[in-house]
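The values are calculated or read from the model by the stated rules, or taken from the named source; none is laboratory data. What you see is a predicted model; the values in this text were computed from it and never measured. Note that each Cβ is placed from the backbone with ideal geometry, even for glycine, and that neighbours are counted across all protein chains shown. Ligands, DNA and RNA are stripped out before the accessible areas are found, and what is left, the full protein with its side chains, is counted by its heavy atoms. Shrake-Rupley method; radii C 1.70, N 1.55, O 1.52, S 1.80 Å.
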Amino acid sequence: MKSRLRTALFSFSALLAPTPALAEPLADADRKEILAEVDRGSPAMARNALQIWSWAEVGFQETKSSGLLQKDLKAAGFKVAAGVAGMPTAFIASYRNGDGPVIGILAEYDALPGLAQAAEPERRVIDGIAGHACGHNLFGAASVAAAIATKNWMVAHGIKGELRVYGAPAEEGGSGKVFLVRSGLTKDVSAMLHWHAGDGYSAMQGHALANVSAKFRFHGLASHAAAAPERGRSALDGVEAMDNMVNMMREHVPQETRIHYVITDGGKAPNVVPDTAEVYYYVRHPDQQQVADIMERVKKAAEGAALGTGTTVEYDQIGGTFDLLPNDTLGHMMYDNLKQVPLPTYTVEEQAFIDKIATTLPKGGRKQVSGVAPYSSGEIMSASTDVGDVSYTTPTAGLSTGTWVPGTPPHSWQAVAASGASIGTKGAEVASKTLALTAAQLFQSPETLAAAKKELDERRGADFVYHSLLGDKAPSLDYRKAPAAKN
Ligand SMILES: [Zn+2]
Ligand SMILES: [Zn+2]
């Protein structure tokens, strides 16, 4: 089933790959002006990125990080709507000049729990509950900088249309963008641009894994674990029985499935039979229907575990994201612009930082980034993103830039360290420039926007209707709070 799916996706991509040079390139003068605008804003971008890094606010709690980006956008003349789609830390910033296309740029700013790490090339834990292990501090700051530079260029040349920044919270598990899409806030956007921190330079447009996540809360009966165990029913037993069943299930799911869990509440003291326990699951697969089907089986394992241990269980879905739909029309434009942007050079200190981190990476890591990777489309990436839902409803393209030492995995301490250092902000500057050039070019390329829309319609099929994997569930604003803190 899976290999058939993959073959279908690849051949579809090959079939649709449009001629790269569809759009008029930006005039040299425009390109220089935009690059200079981004350069002018770079010190502020770097300051914002490092400030957000040091706050390291987790999903739906990014009050200061979101506020900082909103403040800069307002100061630059954008209108800002805050707290949109039921999410206090989401925002939409817009600049409009008459009628014309609406171009959107996504911004993220949530950190990951754990992995509090100094901006140093060796493992040093610092105070704090979280770290920017996916570089979303850079994502947010560089997207905002790109928008400000593009807006300045629009003003200078009287460019018609609307530029928007979507401040999207809780990418890591909270599915923030799904709520923006579901609320209809993105539906008039002609093209959406995004980027991600990475360990190299690429405008590859890949597929991601669809993802459904949920917390399973077991309830039992507390009792003295030695004096009266027969009067207790352990909620932790429920969790462990469920985990055992799901681990056996791994043998009987399609090959590309990913299932992972953490026990977010396992009781408090060994001499008390735990009356509550909680386990947090992710299920992923390239096909969203498979994800939904497998999560139904995981739910059955939870029910069976509760039955066998004399406990009860509640299911609380947290996230649900589509796979990612490539758009080669936009992807080629992004790639052509990425190739026009100079890549960073490093100081002696920065190179020493890079070399030292490289020694800590599994298999040594590569020490040099060798330019922009060739364009590709349709590969399945073993990761998920809530950009998936955006990509099914709006023509969408992204890029990744070398903010981390080559060979660095996302969600590692090495990623946190580089995301808080100047090598991170230098890589982010390349993203700012590529996004700004692409947005500017799109405002002047109605034929590209039309072709991108046509490609989206063909890829998702004539009968496509958007139904979020979250149904009508409200954002799980407390999903990063400890179970006890919610009572
Ligand atoms: Zn991540
Ligand atoms: Zn990420």
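Take the chain, mark every one of the chymotrypsin sites (Phe, Trp or Tyr not before Pro) that falls in a DSSP loop and has at most 16 other Cβ within 10 Å, then report the longest stretch left between them, sites excluded. Please report the intermediate quantities before stating the final value.
On the way: sites that count: Tyr346, Phe464, Tyr466.
With a cap of 16 other Cβ atoms within 10 Å, the longest stretch comes to 1-345.
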Counting only DSSP beta bridges with both residues in the chain, tell me the antiparallel percent, nearest 5. 70
Roughly how many debye, to the nearest 20, is the charge dipole of the chain about its Cα centre, given +1 on each Lys and Arg Cβ, -1 on each Asp and Glu Cβ, and no other charges? 280
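Over the chain, with the other protein chains present, what is the accessible area per residue in square angstrom, probe 1.4 angstrom?
On the way: 19600 Å² over 487 residues.
So the chain comes to 40 Å² accessible per residue, rounded to a whole number.
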Provide His194, His219, His285 ordered by accessible surface of protein heavy atoms (probe 1.4 Å), highest first. His219, His194, His285
Considering only protein heavy atoms, what is the solvent-accessible area of Leu112 at a probe of 1.4 Å, reported in Å² to the nearest 10? 20
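Direction-averaged shadow area of the convex hull around the Cα atoms of the chain, nm²? Write down the numbers at each step before the final one.
On the way: hull surface 92.8 nm².
It is 23.2 nm².
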Report, to two decimal places, the Cα Rg of the range 210-321 normalised by 2.2 N^0.38 Å (N = number of residues). 1.12
With every protein chain in place, the range 210-321: carbon and sulfur % of accessible area (1.4 Å): 53
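When the chain is fully extended, how far beyond the present Cα-Cα distance does Asp188 get from Glu296, taking 0.36 nm per residue of separation? If you can, show how the numbers build up before the last one.
Details: separation 108, 0.36 × 108 = 38.88 nm, distance 3.43 nm.
Net length gain for the segment: 35.4 nm.
With r defined as the distance between the Cβ atoms of Ala81 and Val155 and R0 fixed at 30 Å, what FRET efficiency is calculated, to the nearest 0.05? It would help to have the intermediate numbers written out before the result.
On the way: r = 21 Å, r/R0 = 0.69.
Efficiency for this residue pair is about 0.90.
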How large is the accessible surface of Thr312 in square angstrom, using a 1.4 angstrom probe and rounding to the nearest 10? 80
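Whats the longest run of the chain with zero trypsin sites (Lys or Arg not before Pro) that are DSSP loop and have at most 15 other Cβ atoms within 10 Å?
Of all site-free stretches, the longest is 1-122.
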Over the Cα atoms of the range 70-139, Rg to Rh with Kirkwood Rh, two decimal places? 1.12
Using only helices, what value at 222 nm comes out for the chain when you add -39,500 (n - 2.57) per DSSP H run of length 4 or more and divide by the total residues, to the nearest 500 deg cm²/dmol? -13500 deg cm²/dmol
Based on the alpha carbons, how large is the Rg to Rh ratio for the range 180-220 when Rh follows Kirkwood? 1.15
Given Cβ point charges of +1 (Lys, Arg) and -1 (Asp, Glu) and nothing else, what value in debye, to the nearest 20, does the dipole of the range 324-408 about its Cα centre take? 340
So in the range 62-167, what percent of DSSP beta bridges are antiparallel if you round to the nearest 5? 70
